[in-house]
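Let me begin by presenting the structure, written as structure tokens, before commenting on it.
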């Protein structure tokens, strides 16, 4: 059902090229969402700086990489507004206003942030910028009056906190400016394991296959992929549970019957890892081939890519400006 | 020595009309500073919202009152740029960037904020907006590259924290964008006691004489003023230490010899409170008379006052825009 009055917003931190995990967990869905809703996709460079503030070069360079990733997988600038967070000062303004509506304790209780603080070993030295990034995220969504946000289950506490802030804002300033945010969650996917089979795919863990990887890079990574450590000889029966090659085949191989046959064969014994890996290499490279082609085209014309970002950013500023007029009116901050 | 290349910045939260305490502690000095430096004076409506977020009407109304106070005491818009904080989005942007450079623990250790949190009984429920207001203040100063900030001694920790942030910014982004802030502190004055003699003058404690008080209001307040509780009969010897009437006479009475004589007489006995209070009423009303007149003139033409704020705000945005270009360049956030 097409519903272009409702806004859907997603985004990515430009801290590295996007990978198959992003594709399965989020990017793929945006290609559908742009047909249904009015979709904004944000390159979150300001948020990327919260834990990369001492490496602005990395953030800067990855803006182009992420934009290329978007365009190459089929996020269509005619249907989706792609914008740069740092060019929307209204987000910072809204963040500052929202910070008055949330206590430090509430921020510290946010389970998503809590986990991240512990993963990053910030402990008591967590920066104010990092602790309050859920407030900044709330502003990202609210500034374009986002209603739907596709998230993984681990991100649900962020949506809950955002809704608390927006609900309080509407209540205190007595206007229904911001819609309640609804999470779009998916049951099956969300977390693609990395090639190590231990963790979800992540650039920082070095277990990722990037959308921009070459055929050779894909081949090398698949050959290193975690399968079944007890499947030593070809004749041994092998385990398909937790076997990354089969997890990927389940997702990317269109020939589901053949995958089922391979699984049975593997479980029985007599099917070597190299055989299934070679199949996966073909499957992934077939999948990535049109993406690579499109990427190469756009990469030839970086000015065109920046123009797409510029147009999207201007459109977002327009929407943000309208939201801020309502906000200023409600907060009695209109003077001139 | 005139030094128009250096910027001095001060400001006030528009949460109530300004009073004699503000005059003695800060406003008076701005009349001198505008002759020496390039002076910015900020009406800090965004900061006022950190502890008045649920009362935007109060903040809105007091913007005009504070502007009238400024103009009536002789802050000259030809020499001083008066601007509205909420109309400078660059301050919010800079605040968000600076939040990455300070830890939550460091914010909690700020003695000024610590005292305020305890005075306001916020305890563990302190809002993020309130805890981080020193960061926002740093941005206020930095956005116009302020170098001098006149403050009371209780505000010195704020300047220290601001300099930590600015020093880190310059270091991390490898550019000397922000000058080190120097506090301008005064030895003698700073804290005018309220008419109760117990606390410093403060609107919220109901012990203030406002710059906009009428002759009658001044007379009534002085008649209630704290003197020496043991000075019961006129013939009793009285104490001039901590005697608010004499503290005020020392500051506002131009006839210093006569004040010394009165003190001696009071200490010896034979000088009634009513006599010295009547003298103070005259002194204060003489002092306030030209201020009242000027205020009444400006109050007749609120559009002119708003125009002054508008011009000052536009000038500030110009300066802020130039600062942000340097910031964006250093942080590699220039894309279009």
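A short reminder: the numbers here are calculations on the coordinates, not readings from a lab. Just so it is clear, the model here is predicted, and its values are computed rather than measured. All Cβ positions, even for glycine, are placed from backbone atoms using ideal geometry, and neighbour counts span all protein chains on display.
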The range B:85-236: Rg to Rh, with Rh as the Kirkwood radius over Cα pairs
1.10
Relative contact order (%) - criterion: Cα under 8 Å, at least six apart; region: chain B:
22
Most exposed first by the Cβ proxy, i.e. fewest other Cβ within 10 Å, how do B:169, B:298, A:97 rank?
B:298, B:169, A:97
Stretch gain in nm, segment residue A:325-residue A:293, where the contour uses 0.36 nm per residue and the Cα spacing is subtracted:
7.2 nm
In deg cm²/dmol and to the nearest 500, what is the mean residue ellipticity at 222 nm of chain B if only DSSP H runs of at least 4 residues count, each as -39500 (n - 2.57), divided by the residue total?
-16500 deg cm²/dmol
Folded to 0 to 90 degrees: helix B:273-300 orientation relative to chain B principal axis, Cα:
40
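Over the range B:213-296, what is the relative contact order in whole percent, taking alpha-carbon pairs under 8 Å and six or more residues apart?
Rounded, it is 34 percent for the range B:213-296.
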Evaluate the distance, in nm, between pseudo-label points positioned 7 Å from the Cα of residue A:154 and of residue B:182 along their respective Cα→Cβ axes.
5.1
Gaussian network model of chain B, Cα within-10 Å springs - most flexible of B:25, B:238, B:269
B:269
Coordinate range along principal axes, alpha carbons of the range B:180-336, Å, largest first:
80, 39, 30
Arranged by the count of other C-beta atoms within 10 angstrom, fewest first, what order do B:282, A:216 take?
A:216, B:282
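If a/c stays under 1.5 just call it rounded; otherwise compare a/b with b/c (prolate if a/b is bigger, oblate if not). Do that for the range B:14-104, with a ≥ b ≥ c from the square roots of the Cα gyration tensor eigenvalues.
Numbers: a/c = 2.01, a/b = 1.35, b/c = 1.49.
Cα axes put the range B:14-104 in the oblate bin.
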Quick one: of the DSSP bridges fully inside chain B, what percent are antiparallel, nearest 5?
10
Per GNM of chain A with C-alpha springs under 10 angstrom, the most fluctuating residue out of A:90, A:297, A:124 is A:124
With viscosity set to 1.306 mPa s at 10 °C, what whole-number translational diffusion coefficient in µm²/s follows for the range B:213-296 from Stokes-Einstein and a Kirkwood radius over Cα pairs?
120
Where a ≥ b ≥ c are the square roots of the eigenvalues of the C-alpha gyration tensor, would you call the protein assembly as shown rounded, which needs a/c under 1.5, or, failing that, prolate if a/b is larger than b/c, or oblate?
prolate
If you count the DSSP beta bridges with both ends in the protein assembly as shown, what percent of them are antiparallel, to the nearest 5?
15
Taking a label point 7 Å out from Cα toward Cβ, give me the nm distances from residue B:171 to the same spot in the other copies, shortest first, one decimal.
4.3
Residues in the range B:297-322 reached by a label modelled at residue B:170 [backbone nitrogen below 20 Å; 7 Å Cα→Cβ]
B:320-322
Quick one: grab the alpha carbon gyration tensor of chain A, order the square roots of its eigenvalues as a ≥ b ≥ c, and give me rounded if a/c is under 1.5, else prolate or oblate depending on whether a/b is larger than b/c.
prolate
Taking the number of other C-beta atoms within 10 Å as the exposure measure, put A:66, B:24 in order starting with the fewest.
B:24, A:66
Label distances, nm, residue B:124 versus same residue in remaining copies, Cβ-directed 7 Å point
1.6
